[in-house]
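Heads up: the structure comes next, in structure tokens.
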Amino acid sequence: MFLITGRIVQSIGASILFPLSMDLAISSQEVKQRGKAALIIGITQGGASALGPVLGGVITQFLGWRYIFLINIPIIFISFLFSLYALPNNMVRENSKVDWLGTVTAISALASLTLIIIQFNKWKVMLNIVFFAIFIFSAILFFIFEKKSDSPMINLELFKNSSFSIASIGTILSQFFLVGFMVITPTFLTTIYKKSELSASFLVTPTSLLIFLIAPFAGKAVKQINSKNLLSFGFLLMGFGYLLLSHLLLPFNYLVYLVGGVLLGIGYGVVVGPISILSTEGLTGSLLTTTQSMMGVLRQIGSILSVAIFISSLTTNMSQSQTQFDYIKSFTNLFLFASPVVFIASFMFYFIYKKKGV
């Protein structure tokens, strides 16, 4: 209970920091530099999702799981001091209200959907129906409130911009498939292949490292290559990465695993660049400054859905496993079933949006 309470407090702090930091990063830059700022934000957020399990494995191996939380205290303190020193105090302020109705309905919709995904096989049919009804009702109310609100939590006007819509879809999907890999792979390596937490963290490092290395080049490549083509290529690489990982068996094949992880890292790195550029394309004023906070929300939605779907599917698969081969397939089948979805996303960006000419 104490751990859950702490996580709730953490989430409240994160919900303040994420949108505020991203809005500051965009609004404090000159117009010419805002695309670059958006790219840096995208790299740091995507890289953080990939780097977290790596650092977590190292900390757990040498210090214990409690230090995953304790190590953040000095980092938070230093960040607080830097914020006081470096952040501007002369930003233009607007009188806006908190969108409480939008917040409550969004939380209700996401929470009920997450619970359905996690508990679907454990709950009775009627309970699933009740929570699905709550999700639908909350989602409908959310869109109604957002359309009528003077200070909406999510400005639906953004989605009238075709480039932002593409970036939104790309953000949710890329985060979904990155987090899915990063969440289950350490458990896969330690449970099935008996790797230590430290070894598992090092084995996912190439994926994390390549995101940081590739994303800046992908951001620059947008000037020469159509953004939608880059998105398509990035998802194509991620799809092949998942397909390779689905072929892991005993004994552990380092080559297959590393090539699969490398393809995922390169693919996500390629995707981050065009997403960051597309999310700000053709937008000005208040719509521009809110784009990155929106991107942050969409990344979190992708992460939440990824954890819920991958973990619940893994739990179901493992509960039905009897032999060691079954346990291996309980993991690799997740990669196998995910790969065609990633390929479909790749084709969607290449063909559908190319025809629309956006």
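The values are calculated or read from the model by the stated rules, or taken from the named source; none is laboratory data. None of the values given here were measured: they were computed from a predicted structure. Virtual Cβ from ideal backbone geometry, glycine too; neighbours counted across all protein chains shown. Keep in mind that these areas ignore ligands, DNA and RNA; they rest on the heavy atoms of the full protein, side chains included. Shrake-Rupley method; radii C 1.70, N 1.55, O 1.52, S 1.80 Å.
Computed extension gain for F351 through S199, at 0.36 nm per residue and net of the alpha carbon distance, reaches 50.6 nm.
So what's the projected area for the stretch 183-258, the Cα convex hull averaged over all directions, in nm²? Write down the numbers at each step before the final one.
Working: hull surface 22.5 nm².
Average of the hull's projected areas for the stretch 183-258 equals 5.6 nm².
Carbon and sulfur: what percent of the stretch 78-231's accessible surface (1.4 Å probe)?
Details: 6290 of 9170 Å².
Exposed carbon and sulfur together represent 69 percent of the surface.
In the structure shown, the pairs K194/K329; K97/K220; K122/K329; K122/K195; K160/K223 are assessed against 26 Å; a Cα-Cα span above that value is assigned to K97/K220; K122/K195.
Accessible area ranking (1.4 Å probe, heavy atoms, ligands and nucleic acids excluded), largest first, for M1, M318: M1, M318.
Quick check: from the Cα gyration tensor, does the stretch 67-187 come out rounded (a/c under 1.5), prolate or oblate? Taking the square roots of the gyration eigenvalues as a ≥ b ≥ c, the stretch 67-187 is oblate. For the stretch 100-247, the orientation-averaged shadow of the C-alpha convex hull comes to 12.6 nm² (one quarter of the hull surface).
Accessible area per residue for the stretch 203-358 is 44 Å², calculated with a 1.4 Å probe on protein heavy atoms, without ligands, DNA or RNA. Distance between the pseudo-spin-label points of A133 and F325 (7 Å out from Cα toward the beta carbon): 4.6 nm. Across the stretch 206-358, the convex hull enclosing all Cα atoms gives 114 Å³ per residue. Summarising the label geometry, the points placed 7 Å from Cα in the beta-carbon direction at L87 and Q10 lie 2.1 nm from one another.
Calculate the FRET efficiency for M126 and T315 from the Cβ-Cβ distance with a Förster distance of 30 Å, rounded to the nearest 0.05.
Details: r = 22 Å, r/R0 = 0.73.
Given R0 = 30 Å and the Cβ-Cβ separation, E is 0.85.
In this rough spin-label picture, where each label sits 7 Å from Cα along the Cβ direction, the I40-S151 distance is 2.8 nm.
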